[in-house]
Amino acid sequence: MRSRPGTVTVNPDLPDPAAPWIRASRLAFARGPETIFGPIDLAVEGGRVLVVEGGNGSGKTTLLRVLAGLLEPSEGTLCWLGAPREPWRPAPGELALVAHQPGLKPDLSPAEQLAFAVGLSAGRGAMPIASALAAVGLEGYEHLPVRRLSAGQRKRVTLATLLVAPANVWLLDEPYANLDRDGHALVDRLIGLQVRRGGGIVMTSHGHFAPEALPCTRIAIAGCAG
């Protein structure tokens, strides 16, 4: 069984959007009287990485969950390709979230996890499941229960979902966490894939990502909880 990442094949290019994939104006989130983050403005552009910076508890993860449609913003406007949406409900194939905690079913295998992800997606330009697992270094682990995998291998399973269920915008919460040096290189290749095909990326990261390597915009947020 091998755990070294393989070759990642670039998916077909996306159409060049006339507007940012996502534009947020005065976006904020609060729990009761407590403001978690905002108000902030941001744009998620095709072929660029938006890096969200902030200390522990600043609201970075909460922001990604709002953009993913898992939490309702307290105020502000969200637009998809220039058109406001209310409520914000991303469609299949528009957004993919890789959370800091993988959220995998412990008794399912990596192949079964990816099959579930394919069933929820639009399936456009998807890589076959076996090829995706080989690309993230999990060839030979396809049918083991996830509970028998290491933390880094579980993270690789979640990264493989980006290949079998491609999306216009990736939301990556600490994508380098729990990964070794080979895993960091894998994340770099995946980010490069998405940028080259014209997709957008919003990511949080503590120091590994090198912005000079790819088109990158940075924003800082400050809040009370994350």
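Quick look at the values:
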read-out	value
Residue under evaluation Leu104, criteria (1) within 22 Å of Trp21 (Cα to Cα); (2) outside any strand (DSSP E or B); (3) of a type outside the set (D, E, K, R), criterion not met	(1)
Considering residues of region 35-81 that are among the small types (Gly, Ala, Ser) and assigned to a strand (DSSP E or B) only, the residue farthest from Leu214 (Cα to Cα)	Gly76
Any hit, region 63-76, residues being out of contact with any strand residue (DSSP E or B) (no Cβ under 7 Å at 6 or more places or on another chain), within 23 Å of Asn168 (Cα to Cα), basic (Lys, Arg) and modelled with pLDDT of 90 or more	yes
All positions within region 85-95 that are assigned to a strand (DSSP E or B) and under 25 Å from Gly32 (Cα atoms)	none
Residue match in region 212-224 (condition: buried (at least 23 other Cβ atoms within 10 Å of the Cβ), under 17 Å from the mean Cα position of the chain (by Cα), at pLDDT 90 or above and on the phi < 0 side of the Ramachandran plot)	no
Residue satisfying condition, being among the aliphatic types (A, V, I, L, M), more than 22 Å from Leu193 (Cα to Cα) and either in contact (Cβ under 8 Å) with a residue 24 or more places away in the chain or out of contact with any helix residue (DSSP H, G or I) (no Cβ under 8 Å at 6 or more places or on another chain) (or both), within set Leu95, Leu71, Leu81	Leu71
Any pair with Cβ under 9 angstrom, 6 or more apart, that starts in region 34-58 at a residue that is closer than 22 Å to Ile191 by Cβ and ends at one that is among the acidic types (Asp, Glu)	Gly46/Asp16; Gly47/Asp16
Selection from region 94-117 of residues that are surrounded by fewer than 18 Cβ atoms within 10 Å (Cβ to Cβ) and more than 28 Å from Ala220 (Cβ to Cβ)	Lys105, Pro106, Asp107, Leu108, Glu112, Ala115, Phe116
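Each row is one residue, and each column tells you yes or no for (1) surrounded by fewer than 21 Cβ atoms within 10 Å (Cβ to Cβ); (2) of a type in the set (Ser, Thr, Tyr); (3) under 11 Å from the mean Cα position of the chain (by Cα).
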| residue | (1), (2), (3) |
| --- | --- |
| Ala132 | no, no, no |
| Gly140 | yes, no, no |
| His143 | yes, no, no |
| Arg156 | no, no, no |
| Leu159 | no, no, yes |
| Pro166 | no, no, yes |
| Ala177 | yes, no, no |
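The values are calculated or read from the model by the stated rules, or taken from the named source; none is laboratory data. Since we're looking at a predicted model, the values are computed, not measured. Every residue, glycine among them, receives a Cβ derived from its backbone with ideal geometry; neighbour counts consider all protein chains shown.
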